[in-house]
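The values are calculated or read from the model by the stated rules, or taken from the named source; none is laboratory data. All values reported here derive from a predicted model rather than from experimental measurement. Glycine also receives a Cβ, built like all others from the backbone with ideal geometry; neighbour counts cover every protein chain displayed.
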Amino acid sequence: MARPKDLGLEHTWRLRLRRQATSGLSIPEFCSREAVSTASFYAWRRRLAAPEPVTTTAPLFVPIRLDPPSPSDHAPPLCGFIIELPHRVRLRCDAAPDPLWLGRLIAALADVAPREEIP
């Protein structure tokens, strides 16, 4: 299991690397003054220079617009279909939505990556 990030330590090393770059000192001289090992200096420089991995995940939220019922509506609206989710959540749609939108919604609710969309 990966070790959790210590943002304070990362920040300290970012500042230290900047100070060394502007100090005019060699890395061994700078490390001696800072009381850190040159191995740690090089390891942190590599670590902070590496690009962060980009993760593509399904969105946690999908925009949706809800129209409030008008006061003159006494009868419940007709539903095209209902999606029942855990915890007593129901999504009712009067008509079938765009399939891509529905796929994104289901992927977001299921916390899975949707398949590649076909244009």
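Listing for the model above:
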| quantity | calculated |
| --- | --- |
| Residue check, Ala75 modelled with pLDDT under 90, within 30 Å of Ala107 (Cβ to Cβ) and among the hydrophobic types (A, V, I, L, M, F, W, C) | no |
| Residue in region 4-12 that is under 32 Å from the mean Cα position of the chain (by Cα) and at pLDDT below 65 present | yes |
| Scan of region 81-105 for residues that are in a helix (DSSP H, G or I) and surrounded by 10 or more Cβ atoms within 10 Å (Cβ to Cβ), ordered by number | Leu100, Trp101, Leu102, Gly103, Arg104, Leu105 |
